[in-house]
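Trainee: First the structure, then my questions, so here it is.
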Amino acid sequence: MVAAVGAGAALAAPAVASAHGLVGRADLPIPAYLFGWAAAIVLVVSFLGLAALWPKPRFQEPDERRLFDLPRWVDPLCGLIGVAVFGVVVYAGLAGVGEANLNLAPTFIYVIFWVGFPLISVVLGDVFSAFSPWRATARGAAWVSGRLGRGGVPSTPLAYPERLGRWPATLLVLAFAWLELAYQDRADPSLLAWLAIAYFVVQLLGMSLYGIETWRQRGDGFGVLFGLYGRLAPLVRRGRTVHARPPLNGAPALEMVPGTLALLCVAIGTTTFDGLSAGSIWNNDILGGLRGRFVDLGASSATGTQWAASVGLAVCLALVGGFFALGIRGMRTVGGGHSDGELRARFAHTLIPIAFAYALAHYYSLFVFSGQAMGYLVSNPLGDGSDLFGTAHAAIDYNAISGASIWYVQVAALIIGHVAGLVLAHDRALAVYPKAKEAVRSQGWMLVVMVGFTSLGLWLLSAVTQ
Amino acid sequence: MTFIAHAGHWYVQLIFASPVFVLGAAMAVDAVRSRRKKRRSERGEE
(Lines give C-alpha, C1' and ligand atoms only; values in the text may rest on other atoms or scores of the structure.)
Protein backbone atom coordinates (compact mmCIF):
# COMPACT_ATOMS: atom_id res chain seq x y z
CA MET A 1 0.00 0.00 0.00
CA VAL A 2 2.90 2.32 0.78
CA ALA A 3 4.18 1.78 -2.74
CA ALA A 4 0.78 2.61 -4.13
CA VAL A 5 0.60 5.80 -2.12
CA GLY A 6 4.06 6.72 -3.26
CA ALA A 7 2.99 6.12 -6.81
CA GLY A 8 0.00 8.27 -6.07
CA ALA A 9 2.20 11.12 -4.95
CA ALA A 10 4.09 10.97 -8.20
CA LEU A 11 1.14 10.38 -10.42
CA ALA A 12 -1.04 13.03 -8.89
CA ALA A 13 1.22 15.65 -10.41
CA PRO A 14 -0.24 16.70 -13.73
CA ALA A 15 3.24 16.50 -15.21
CA VAL A 16 2.58 12.83 -15.48
CA ALA A 17 -1.15 12.98 -15.88
CA SER A 18 -1.44 9.35 -16.77
CA ALA A 19 -1.82 6.13 -14.85
CA HIS A 20 -4.81 7.51 -13.07
CA GLY A 21 -5.97 4.16 -11.92
CA LEU A 22 -3.35 4.11 -9.21
CA VAL A 23 -4.33 1.91 -6.32
CA GLY A 24 -2.89 -0.81 -4.19
CA ARG A 25 -4.72 -3.91 -5.31
CA ALA A 26 -2.81 -6.37 -3.20
CA ASP A 27 -5.52 -6.20 -0.56
CA LEU A 28 -8.38 -7.20 -2.88
CA PRO A 29 -10.12 -10.35 -1.67
CA ILE A 30 -10.22 -12.00 -5.12
CA PRO A 31 -8.13 -11.70 -8.30
CA ALA A 32 -8.97 -8.70 -10.46
CA TYR A 33 -10.10 -10.83 -13.42
CA LEU A 34 -12.89 -12.27 -11.28
CA PHE A 35 -14.30 -8.76 -11.00
CA GLY A 36 -14.37 -8.77 -14.79
CA TRP A 37 -16.24 -12.05 -14.84
CA ALA A 38 -18.65 -10.83 -12.18
CA ALA A 39 -19.24 -7.67 -14.21
CA ALA A 40 -19.97 -9.81 -17.28
CA ILE A 41 -22.50 -11.83 -15.28
CA VAL A 42 -24.20 -8.62 -14.10
CA LEU A 43 -24.47 -7.48 -17.72
CA VAL A 44 -25.87 -10.81 -18.90
CA VAL A 45 -28.45 -10.78 -16.09
CA SER A 46 -29.33 -7.17 -16.98
CA PHE A 47 -29.73 -8.20 -20.61
CA LEU A 48 -32.08 -11.03 -19.65
CA GLY A 49 -33.97 -8.75 -17.27
CA LEU A 50 -34.45 -6.16 -19.98
CA ALA A 51 -35.63 -8.81 -22.42
CA ALA A 52 -38.25 -10.02 -19.94
CA LEU A 53 -39.33 -6.82 -18.22
CA TRP A 54 -38.88 -4.02 -20.76
CA PRO A 55 -41.20 -4.92 -23.66
CA LYS A 56 -41.85 -1.42 -25.06
CA PRO A 57 -39.63 1.58 -25.77
CA ARG A 58 -39.74 4.16 -22.99
CA PHE A 59 -36.97 6.60 -23.82
CA GLN A 60 -37.68 7.38 -27.45
CA GLU A 61 -39.75 10.42 -26.54
CA PRO A 62 -38.67 13.16 -24.10
CA ASP A 63 -40.22 12.77 -20.68
CA GLU A 64 -39.64 16.12 -19.04
CA ARG A 65 -41.33 17.87 -16.15
CA ARG A 66 -40.98 21.62 -15.65
CA LEU A 67 -39.29 22.52 -12.37
CA PHE A 68 -38.46 26.24 -12.19
CA ASP A 69 -37.23 29.26 -14.10
CA LEU A 70 -33.72 30.60 -13.68
CA PRO A 71 -33.38 34.31 -12.95
CA ARG A 72 -32.12 36.46 -15.82
CA TRP A 73 -28.87 37.27 -14.05
CA VAL A 74 -27.73 33.64 -13.84
CA ASP A 75 -26.30 33.44 -17.35
CA PRO A 76 -24.33 36.70 -17.19
CA LEU A 77 -23.04 35.82 -13.73
CA CYS A 78 -21.93 32.31 -14.74
CA GLY A 79 -20.37 33.72 -17.89
CA LEU A 80 -18.46 36.31 -15.89
CA ILE A 81 -17.21 33.63 -13.53
CA GLY A 82 -16.12 31.53 -16.49
CA VAL A 83 -14.25 34.40 -18.10
CA ALA A 84 -12.63 35.41 -14.80
CA VAL A 85 -11.45 31.87 -14.05
CA PHE A 86 -10.17 31.50 -17.61
CA GLY A 87 -8.23 34.74 -17.19
CA VAL A 88 -6.71 33.60 -13.90
CA VAL A 89 -5.68 30.22 -15.33
CA VAL A 90 -4.10 31.76 -18.40
CA TYR A 91 -2.33 34.40 -16.32
CA ALA A 92 -1.02 31.72 -13.96
CA GLY A 93 0.24 29.71 -16.92
CA LEU A 94 2.02 32.68 -18.45
CA ALA A 95 3.34 34.43 -15.35
CA GLY A 96 3.76 31.54 -12.92
CA VAL A 97 6.56 29.09 -12.31
CA GLY A 98 7.28 26.32 -14.77
CA GLU A 99 6.82 23.43 -12.32
CA ALA A 100 3.52 21.81 -13.19
CA ASN A 101 2.52 20.85 -9.67
CA LEU A 102 3.18 24.36 -8.31
CA ASN A 103 1.29 26.22 -11.03
CA LEU A 104 -2.50 26.48 -11.08
CA ALA A 105 -2.87 26.05 -14.85
CA PRO A 106 -2.02 22.34 -15.41
CA THR A 107 -4.01 21.06 -12.43
CA PHE A 108 -6.99 23.23 -13.25
CA ILE A 109 -7.03 22.25 -16.93
CA TYR A 110 -6.30 18.52 -16.59
CA VAL A 111 -8.17 17.83 -13.36
CA ILE A 112 -10.83 20.40 -12.48
CA PHE A 113 -11.86 21.26 -16.02
CA TRP A 114 -11.29 18.00 -17.94
CA VAL A 115 -12.49 15.65 -15.20
CA GLY A 116 -14.70 17.88 -13.09
CA PHE A 117 -17.09 19.11 -15.78
CA PRO A 118 -18.10 15.61 -16.95
CA LEU A 119 -18.89 14.72 -13.33
CA ILE A 120 -20.99 17.84 -12.84
CA SER A 121 -22.66 17.44 -16.25
CA VAL A 122 -23.92 13.95 -15.48
CA VAL A 123 -25.62 15.25 -12.34
CA LEU A 124 -26.79 18.73 -13.29
CA GLY A 125 -26.89 18.62 -17.07
CA ASP A 126 -25.00 20.81 -19.49
CA VAL A 127 -23.74 23.47 -17.07
CA PHE A 128 -20.59 24.15 -19.05
CA SER A 129 -22.50 26.15 -21.63
CA ALA A 130 -23.33 28.69 -18.90
CA PHE A 131 -19.72 28.95 -17.72
CA SER A 132 -18.06 28.69 -21.13
CA PRO A 133 -15.71 31.69 -21.31
CA TRP A 134 -15.73 31.82 -25.11
CA ARG A 135 -19.51 31.61 -25.31
CA ALA A 136 -19.87 34.27 -22.62
CA THR A 137 -17.40 36.53 -24.41
CA ALA A 138 -19.14 36.04 -27.75
CA ARG A 139 -22.53 36.72 -26.18
CA GLY A 140 -21.15 39.78 -24.43
CA ALA A 141 -19.68 41.06 -27.69
CA ALA A 142 -22.95 40.44 -29.49
CA TRP A 143 -24.85 42.26 -26.74
CA VAL A 144 -22.51 45.26 -26.83
CA SER A 145 -22.62 45.28 -30.60
CA GLY A 146 -26.39 45.23 -30.55
CA ARG A 147 -26.48 48.08 -28.03
CA LEU A 148 -24.10 50.19 -30.06
CA GLY A 149 -25.90 49.30 -33.24
CA ARG A 150 -22.69 49.21 -35.24
CA GLY A 151 -22.94 45.66 -36.40
CA GLY A 152 -19.60 44.56 -34.94
CA VAL A 153 -20.84 40.99 -34.86
CA PRO A 154 -22.62 39.77 -37.99
CA SER A 155 -26.35 39.54 -37.33
CA THR A 156 -26.74 36.91 -40.06
CA PRO A 157 -23.78 34.54 -39.74
CA LEU A 158 -22.77 32.08 -42.44
CA ALA A 159 -24.69 28.86 -42.81
CA TYR A 160 -22.82 26.08 -41.05
CA PRO A 161 -21.77 23.35 -43.52
CA GLU A 162 -23.87 20.39 -42.37
CA ARG A 163 -21.37 17.89 -43.75
CA LEU A 164 -18.91 19.07 -41.08
CA GLY A 165 -21.30 18.00 -38.34
CA ARG A 166 -19.44 17.66 -35.05
CA TRP A 167 -16.08 16.97 -36.72
CA PRO A 168 -14.52 20.29 -35.59
CA ALA A 169 -15.37 19.38 -31.98
CA THR A 170 -14.09 15.84 -32.46
CA LEU A 171 -10.77 17.02 -33.86
CA LEU A 172 -10.31 19.54 -31.06
CA VAL A 173 -10.97 16.91 -28.38
CA LEU A 174 -8.58 14.56 -30.14
CA ALA A 175 -5.94 17.28 -30.25
CA PHE A 176 -6.39 17.92 -26.53
CA ALA A 177 -6.14 14.20 -25.77
CA TRP A 178 -2.97 13.95 -27.84
CA LEU A 179 -1.55 16.87 -25.92
CA GLU A 180 -2.42 15.23 -22.61
CA LEU A 181 -1.33 11.70 -23.45
CA ALA A 182 1.41 11.93 -26.04
CA TYR A 183 3.03 15.34 -26.24
CA GLN A 184 6.26 15.47 -24.29
CA ASP A 185 5.78 18.97 -22.82
CA ARG A 186 2.14 18.41 -21.93
CA ALA A 187 2.40 19.95 -18.46
CA ASP A 188 4.31 23.10 -19.40
CA PRO A 189 2.11 25.84 -17.86
CA SER A 190 3.01 28.53 -20.36
CA LEU A 191 2.36 26.22 -23.30
CA LEU A 192 -1.02 25.29 -21.83
CA ALA A 193 -1.84 28.97 -21.40
CA TRP A 194 -0.99 29.76 -25.01
CA LEU A 195 -3.00 26.79 -26.23
CA ALA A 196 -5.94 27.94 -24.11
CA ILE A 197 -5.71 31.36 -25.73
CA ALA A 198 -5.55 29.74 -29.18
CA TYR A 199 -8.62 27.63 -28.38
CA PHE A 200 -10.42 30.75 -27.17
CA VAL A 201 -9.63 32.59 -30.41
CA VAL A 202 -10.70 29.65 -32.57
CA GLN A 203 -13.99 29.48 -30.69
CA LEU A 204 -14.64 33.19 -31.08
CA LEU A 205 -13.89 32.97 -34.79
CA GLY A 206 -16.21 30.00 -35.22
CA MET A 207 -18.97 31.68 -33.26
CA SER A 208 -18.64 34.91 -35.20
CA LEU A 209 -18.75 33.05 -38.51
CA TYR A 210 -21.48 30.51 -37.86
CA GLY A 211 -23.41 31.83 -34.90
CA ILE A 212 -22.77 31.37 -31.21
CA GLU A 213 -25.13 28.48 -30.52
CA THR A 214 -24.47 26.68 -33.79
CA TRP A 215 -20.72 26.66 -33.22
CA ARG A 216 -21.13 25.77 -29.55
CA GLN A 217 -23.05 22.65 -30.56
CA ARG A 218 -20.71 21.70 -33.40
CA GLY A 219 -17.26 23.18 -32.99
CA ASP A 220 -16.59 23.64 -29.28
CA GLY A 221 -14.89 20.35 -28.47
CA PHE A 222 -15.28 20.62 -24.72
CA GLY A 223 -18.77 22.10 -24.94
CA VAL A 224 -19.97 19.33 -27.23
CA LEU A 225 -18.41 16.53 -25.18
CA PHE A 226 -19.66 17.86 -21.84
CA GLY A 227 -23.05 18.41 -23.48
CA LEU A 228 -23.13 14.72 -24.46
CA TYR A 229 -22.49 13.73 -20.85
CA GLY A 230 -25.19 16.18 -19.80
CA ARG A 231 -27.71 14.13 -21.78
CA LEU A 232 -27.44 11.45 -19.11
CA ALA A 233 -28.46 13.89 -16.37
CA PRO A 234 -31.88 14.02 -14.70
CA LEU A 235 -31.99 17.78 -15.32
CA VAL A 236 -32.16 19.73 -18.55
CA ARG A 237 -32.45 23.37 -19.33
CA ARG A 238 -34.77 24.72 -22.02
CA GLY A 239 -34.27 28.45 -22.36
CA ARG A 240 -34.36 29.73 -18.81
CA THR A 241 -36.54 26.86 -17.59
CA VAL A 242 -35.09 23.83 -15.81
CA HIS A 243 -36.85 20.52 -16.37
CA ALA A 244 -36.55 17.17 -14.61
CA ARG A 245 -36.42 13.92 -16.59
CA PRO A 246 -35.47 10.30 -15.98
CA PRO A 247 -31.70 9.73 -16.11
CA LEU A 248 -30.54 8.69 -19.62
CA ASN A 249 -33.72 10.12 -21.15
CA GLY A 250 -31.80 12.82 -23.00
CA ALA A 251 -29.45 10.44 -24.81
CA PRO A 252 -31.83 8.91 -27.40
CA ALA A 253 -32.71 12.38 -28.70
CA LEU A 254 -29.08 12.95 -29.69
CA GLU A 255 -29.02 14.39 -33.18
CA MET A 256 -26.76 12.15 -35.23
CA VAL A 257 -24.67 14.37 -37.41
CA PRO A 258 -21.28 13.50 -38.94
CA GLY A 259 -18.51 13.23 -36.37
CA THR A 260 -20.72 12.30 -33.42
CA LEU A 261 -19.80 8.62 -33.31
CA ALA A 262 -16.17 9.56 -33.88
CA LEU A 263 -16.28 11.91 -30.90
CA LEU A 264 -17.59 9.14 -28.65
CA CYS A 265 -14.93 6.76 -29.93
CA VAL A 266 -12.31 9.43 -29.26
CA ALA A 267 -13.62 9.84 -25.72
CA ILE A 268 -13.42 6.10 -25.04
CA GLY A 269 -10.29 5.42 -27.08
CA THR A 270 -8.19 8.15 -25.52
CA THR A 271 -9.12 6.99 -22.02
CA THR A 272 -8.28 3.46 -23.11
CA PHE A 273 -4.83 4.53 -24.22
CA ASP A 274 -4.33 6.50 -21.02
CA GLY A 275 -4.90 3.28 -19.10
CA LEU A 276 -2.83 1.16 -21.45
CA SER A 277 0.12 3.53 -21.33
CA ALA A 278 0.20 3.23 -17.54
CA GLY A 279 0.38 -0.56 -17.61
CA SER A 280 3.22 -2.99 -17.77
CA ILE A 281 2.39 -4.35 -21.22
CA TRP A 282 2.80 -0.97 -22.86
CA ASN A 283 5.86 0.01 -20.88
CA ASN A 284 7.67 -3.35 -20.95
CA ASP A 285 6.60 -4.95 -24.20
CA ILE A 286 5.50 -2.27 -26.66
CA LEU A 287 6.94 1.16 -25.94
CA GLY A 288 10.61 0.24 -26.22
CA GLY A 289 10.26 -1.36 -29.64
CA LEU A 290 8.08 1.39 -31.04
CA ARG A 291 10.30 4.15 -29.68
CA GLY A 292 13.32 2.38 -31.12
CA ARG A 293 11.78 2.55 -34.59
CA PHE A 294 11.38 6.31 -34.32
CA VAL A 295 14.86 6.72 -32.85
CA ASP A 296 16.21 4.74 -35.82
CA LEU A 297 14.52 7.30 -38.05
CA GLY A 298 16.45 10.08 -36.33
CA ALA A 299 14.13 11.11 -33.49
CA SER A 300 15.41 11.75 -29.99
CA SER A 301 14.35 9.36 -27.24
CA ALA A 302 11.75 11.84 -25.91
CA THR A 303 10.37 12.52 -29.36
CA GLY A 304 10.37 8.80 -30.09
CA THR A 305 8.29 8.24 -26.96
CA GLN A 306 5.91 10.95 -28.11
CA TRP A 307 5.39 9.40 -31.51
CA ALA A 308 5.14 5.92 -30.06
CA ALA A 309 2.36 7.23 -27.82
CA SER A 310 0.72 8.79 -30.87
CA VAL A 311 0.73 5.40 -32.60
CA GLY A 312 -0.66 3.74 -29.47
CA LEU A 313 -3.39 6.35 -29.25
CA ALA A 314 -4.34 5.82 -32.89
CA VAL A 315 -4.45 2.05 -32.42
CA CYS A 316 -6.70 2.40 -29.36
CA LEU A 317 -9.07 4.66 -31.29
CA ALA A 318 -9.19 2.15 -34.12
CA LEU A 319 -9.78 -0.73 -31.69
CA VAL A 320 -12.68 1.01 -29.98
CA GLY A 321 -14.27 2.05 -33.26
CA GLY A 322 -13.63 -1.37 -34.76
CA PHE A 323 -15.15 -3.20 -31.83
CA PHE A 324 -18.31 -1.12 -31.97
CA ALA A 325 -18.45 -1.65 -35.74
CA LEU A 326 -18.16 -5.42 -35.18
CA GLY A 327 -21.14 -5.32 -32.82
CA ILE A 328 -23.12 -3.37 -35.40
CA ARG A 329 -22.14 -5.87 -38.09
CA GLY A 330 -23.38 -8.64 -35.82
CA MET A 331 -26.70 -6.84 -35.36
CA ARG A 332 -27.15 -6.85 -39.11
CA THR A 333 -27.30 -10.64 -39.09
CA VAL A 334 -30.59 -10.39 -37.23
CA GLY A 335 -32.24 -9.03 -40.33
CA GLY A 336 -34.60 -6.17 -40.94
CA GLY A 337 -32.63 -4.82 -43.90
CA HIS A 338 -30.81 -2.19 -41.86
CA SER A 339 -27.51 -0.92 -43.17
CA ASP A 340 -24.36 -0.59 -41.07
CA GLY A 341 -24.52 3.19 -41.32
CA GLU A 342 -28.13 3.30 -40.17
CA LEU A 343 -27.48 1.03 -37.19
CA ARG A 344 -24.33 2.94 -36.25
CA ALA A 345 -26.29 6.18 -36.22
CA ARG A 346 -29.20 4.72 -34.30
CA PHE A 347 -27.08 3.09 -31.61
CA ALA A 348 -24.21 5.57 -31.27
CA HIS A 349 -25.84 7.25 -28.27
CA THR A 350 -25.41 4.01 -26.31
CA LEU A 351 -21.71 4.86 -26.12
CA ILE A 352 -22.34 8.03 -24.08
CA PRO A 353 -22.66 6.27 -20.69
CA ILE A 354 -19.69 4.07 -21.59
CA ALA A 355 -17.54 7.09 -22.37
CA PHE A 356 -18.55 8.60 -19.06
CA ALA A 357 -17.99 5.35 -17.17
CA TYR A 358 -14.51 5.07 -18.65
CA ALA A 359 -13.74 8.66 -17.72
CA LEU A 360 -15.06 8.29 -14.18
CA ALA A 361 -13.38 4.96 -13.53
CA HIS A 362 -10.13 6.08 -14.98
CA TYR A 363 -9.84 9.60 -13.60
CA TYR A 364 -11.55 9.11 -10.26
CA SER A 365 -8.34 8.71 -8.31
CA LEU A 366 -6.75 11.63 -10.17
CA PHE A 367 -9.71 13.78 -9.23
CA VAL A 368 -9.65 12.69 -5.59
CA PHE A 369 -5.92 13.19 -5.11
CA SER A 370 -4.82 15.88 -7.56
CA GLY A 371 -8.07 17.76 -7.01
CA GLN A 372 -6.89 18.40 -3.47
CA ALA A 373 -3.97 20.36 -4.88
CA MET A 374 -6.44 23.14 -5.63
CA GLY A 375 -6.37 23.77 -1.87
CA TYR A 376 -2.91 25.28 -2.08
CA LEU A 377 -3.01 26.35 -5.73
CA VAL A 378 -5.87 28.82 -5.24
CA SER A 379 -3.78 30.60 -2.63
CA ASN A 380 -0.59 30.38 -4.61
CA PRO A 381 -1.66 30.12 -8.25
CA LEU A 382 1.63 31.30 -9.70
CA GLY A 383 3.78 29.18 -7.42
CA ASP A 384 5.68 32.30 -6.35
CA GLY A 385 5.12 31.91 -2.62
CA SER A 386 1.99 34.02 -2.27
CA ASP A 387 -0.76 33.01 0.17
CA LEU A 388 -3.93 34.77 -0.96
CA PHE A 389 -6.44 32.80 1.13
CA GLY A 390 -4.20 31.33 3.81
CA THR A 391 -4.25 27.83 2.33
CA ALA A 392 -0.92 27.89 0.51
CA HIS A 393 0.47 25.25 2.85
CA ALA A 394 -2.41 22.82 2.47
CA ALA A 395 -1.27 19.33 1.52
CA ILE A 396 -2.69 16.42 -0.42
CA ASP A 397 -3.99 13.65 1.82
CA TYR A 398 -3.13 10.44 0.04
CA ASN A 399 -4.97 8.47 2.69
CA ALA A 400 -8.23 10.24 1.92
CA ILE A 401 -9.45 7.08 0.25
CA SER A 402 -7.95 3.62 0.14
CA GLY A 403 -6.75 1.87 -2.97
CA ALA A 404 -9.36 -0.84 -2.56
CA SER A 405 -12.14 1.76 -2.24
CA ILE A 406 -11.00 3.40 -5.47
CA TRP A 407 -11.05 0.01 -7.18
CA TYR A 408 -14.61 -0.67 -6.03
CA VAL A 409 -15.73 2.75 -7.27
CA GLN A 410 -14.08 2.03 -10.62
CA VAL A 411 -15.74 -1.37 -10.91
CA ALA A 412 -19.13 0.08 -9.95
CA ALA A 413 -18.73 2.95 -12.44
CA LEU A 414 -17.90 0.57 -15.27
CA ILE A 415 -20.74 -1.82 -14.49
CA ILE A 416 -23.38 0.91 -14.05
CA GLY A 417 -22.19 2.72 -17.17
CA HIS A 418 -22.39 -0.41 -19.29
CA VAL A 419 -25.76 -1.46 -17.90
CA ALA A 420 -26.94 2.05 -18.81
CA GLY A 421 -25.58 1.47 -22.31
CA LEU A 422 -27.49 -1.80 -22.50
CA VAL A 423 -30.69 -0.08 -21.38
CA LEU A 424 -30.33 2.58 -24.06
CA ALA A 425 -29.52 0.00 -26.72
CA HIS A 426 -32.43 -2.25 -25.74
CA ASP A 427 -34.84 0.66 -25.75
CA ARG A 428 -33.66 1.77 -29.18
CA ALA A 429 -33.80 -1.78 -30.54
CA LEU A 430 -37.45 -2.02 -29.55
CA ALA A 431 -38.07 1.05 -31.68
CA VAL A 432 -35.94 -0.13 -34.61
CA TYR A 433 -37.07 -3.75 -34.92
CA PRO A 434 -40.75 -4.52 -35.49
CA LYS A 435 -40.65 -7.74 -33.44
CA ALA A 436 -39.53 -7.79 -29.81
CA LYS A 437 -37.78 -11.12 -30.41
CA GLU A 438 -35.62 -9.59 -33.16
CA ALA A 439 -34.85 -6.63 -30.93
CA VAL A 440 -33.65 -8.91 -28.15
CA ARG A 441 -31.57 -11.02 -30.55
CA SER A 442 -29.95 -7.92 -31.98
CA GLN A 443 -29.03 -6.83 -28.49
CA GLY A 444 -27.12 -10.02 -27.91
CA TRP A 445 -24.48 -8.42 -30.12
CA MET A 446 -24.64 -5.21 -28.17
CA LEU A 447 -24.19 -7.30 -25.03
CA VAL A 448 -20.94 -8.63 -26.49
CA VAL A 449 -19.81 -5.05 -27.14
CA MET A 450 -20.72 -3.96 -23.61
CA VAL A 451 -19.04 -6.94 -21.98
CA GLY A 452 -16.00 -6.31 -24.16
CA PHE A 453 -15.72 -2.67 -23.13
CA THR A 454 -16.27 -3.60 -19.47
CA SER A 455 -13.59 -6.29 -19.56
CA LEU A 456 -11.22 -3.94 -21.36
CA GLY A 457 -11.83 -1.17 -18.84
CA LEU A 458 -11.27 -3.43 -15.85
CA TRP A 459 -8.19 -4.98 -17.39
CA LEU A 460 -6.69 -1.56 -18.08
CA LEU A 461 -7.36 -0.40 -14.55
CA SER A 462 -6.03 -3.59 -13.00
CA ALA A 463 -2.94 -3.59 -15.22
CA VAL A 464 -1.73 -0.28 -13.86
CA THR A 465 -0.15 -1.83 -10.80
CA GLN A 466 0.81 -5.18 -12.27
CA MET B 1 8.14 -7.89 -32.62
CA THR B 2 8.99 -7.29 -28.97
CA PHE B 3 5.28 -7.49 -28.25
CA ILE B 4 5.08 -10.96 -29.77
CA ALA B 5 8.37 -12.09 -28.25
CA HIS B 6 7.03 -11.10 -24.85
CA ALA B 7 3.75 -12.93 -25.34
CA GLY B 8 4.49 -14.95 -22.23
CA HIS B 9 4.09 -11.74 -20.23
CA TRP B 10 0.63 -10.88 -21.42
CA TYR B 11 -1.23 -13.84 -22.86
CA VAL B 12 -2.46 -14.97 -19.44
CA GLN B 13 -4.27 -11.67 -19.16
CA LEU B 14 -6.56 -12.80 -21.96
CA ILE B 15 -8.43 -14.39 -19.08
CA PHE B 16 -10.06 -10.96 -18.68
CA ALA B 17 -11.49 -11.28 -22.17
CA SER B 18 -12.84 -14.80 -21.77
CA PRO B 19 -16.47 -13.66 -21.19
CA VAL B 20 -16.27 -11.76 -24.48
CA PHE B 21 -15.01 -14.82 -26.32
CA VAL B 22 -17.75 -16.99 -24.83
CA LEU B 23 -20.54 -14.54 -25.62
CA GLY B 24 -19.14 -13.71 -29.06
CA ALA B 25 -18.91 -17.40 -29.93
CA ALA B 26 -22.47 -17.99 -28.71
CA MET B 27 -23.77 -15.13 -30.84
CA ALA B 28 -21.83 -16.32 -33.89
CA VAL B 29 -23.23 -19.85 -33.50
CA ASP B 30 -26.71 -18.42 -33.11
CA ALA B 31 -26.26 -16.33 -36.25
CA VAL B 32 -25.08 -19.34 -38.28
CA ARG B 33 -27.95 -21.48 -37.01
CA SER B 34 -30.58 -18.89 -37.79
CA ARG B 35 -29.11 -18.41 -41.26
CA ARG B 36 -29.28 -22.17 -41.92
CA LYS B 37 -32.81 -22.28 -40.57
CA LYS B 38 -33.82 -19.45 -42.85
CA ARG B 39 -32.29 -21.21 -45.90
CA ARG B 40 -34.04 -24.45 -45.02
CA SER B 41 -37.39 -22.72 -44.71
CA GLU B 42 -36.82 -20.92 -48.03
CA ARG B 43 -36.04 -24.29 -49.73
CA GLY B 44 -39.10 -25.81 -48.13
CA GLU B 45 -41.28 -23.04 -49.52
CA GLU B 46 -39.82 -23.61 -53.01
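Trainee: Within region A:289-307, restricting attention to residues that are out of contact with any Lys or Arg (no Cβ under 7 Å at 6 or more places or on another chain) and crowded, with 16+ Cβ neighbours inside 10 Å, which residue is nearest to the other protein chains (Cβ to nearest Cβ)?
Mentor: A:L290
Trainee: Please enumerate the residues belonging to region A:450-466 that are at the interface with another protein chain (Cβ under 9 Å from one of its Cβ atoms) and among the β-branched types (V, I, T).
Mentor: A:V451, A:T454
Trainee: Tell me, which residue of region A:267-282 that is part of a helix (DSSP H, G or I) and within 11 Å of chain B (Cβ to nearest Cβ) is surrounded by the fewest Cβ atoms within 10 Å (Cβ to Cβ)?
Mentor: Quick first cut of region A:267-282, residues part of a helix (DSSP H, G or I) only: A:267-276, A:280-282.
Filter again for within 11 Å of chain B (Cβ to nearest Cβ), leaving A:280-282.
Values: A:S280: 14, A:I281: 19, A:W282: 21.
Ranking the candidates gives A:S280 first.
Trainee: Hey, another quick one. Please tell me if A:G341 is within 14 Å of another protein chain (Cβ to nearest Cβ) and farther than 25 Å from A:G457 by Cα. Talk me through it step by step, then tell me what you get.
Mentor: Details: within 14 Å of another protein chain (Cβ to nearest Cβ): no; farther than 25 Å from A:G457 by Cα: yes.
So A:G341 fails the test.
Trainee: Can you tell me which of A:Y229, A:Y160, A:Y199 is assigned to a loop (DSSP other than H, G, I, E, B) and aromatic (F, W, Y)?
Mentor: Details: A:Y229 fails: assigned to a loop (DSSP other than H, G, I, E, B); A:Y199 fails: assigned to a loop (DSSP other than H, G, I, E, B).
That would be A:Y160, the only listed residue that is assigned to a loop (DSSP other than H, G, I, E, B) and aromatic (F, W, Y).
Trainee: Tell me whether region A:371-390 contains one or more residues that are of a type in the set (V, I, T) and crowded, with 17+ Cβ neighbours inside 10 Å. Even if it seems obvious, please write down each step before you answer.
Mentor: Kept after step one, since they are of a type in the set (V, I, T), are these residues of region A:371-390: A:378.
Cutting the leftovers down to crowded, with 17+ Cβ neighbours inside 10 Å gives us none.
No, because not a single residue in region A:371-390 is of a type in the set (V, I, T) and crowded, with 17+ Cβ neighbours inside 10 Å.
Trainee: For chain B, please list each of the helices (runs of 4 or more DSSP H) lying entirely inside it that holds at least 1 residues being at the interface with chain A (Cβ under 10 Å from one of its Cβ atoms) and either at pLDDT 85 or above or under 22 Å from A:W37 (Cα atoms) (or both).
Mentor: Values: elements: B:2-5, B:7-10, B:18-45.
The qualifying helices (runs of 4 or more DSSP H) are B:7-10, B:18-45.
Trainee: State all residues of region A:245-255 that are of a type in the set (A, V, I, L, M, F, W, C) and buried (at least 16 other Cβ atoms within 10 Å of the Cβ); if no residue qualifies, say none. So that I can check it myself, show each step before the final result.
Mentor: Of all residues in region A:245-255, those of a type in the set (A, V, I, L, M, F, W, C) come to A:248, A:251, A:253-254.
Result: A:L248, A:A251, A:L254.
The values are calculated or read from the model by the stated rules, or taken from the named source; none is laboratory data. These numbers come from a predicted model, not from an experiment. With ideal geometry, Cβ positions are generated from the backbone for all residues, glycine too; neighbour counts draw on all protein chains shown.
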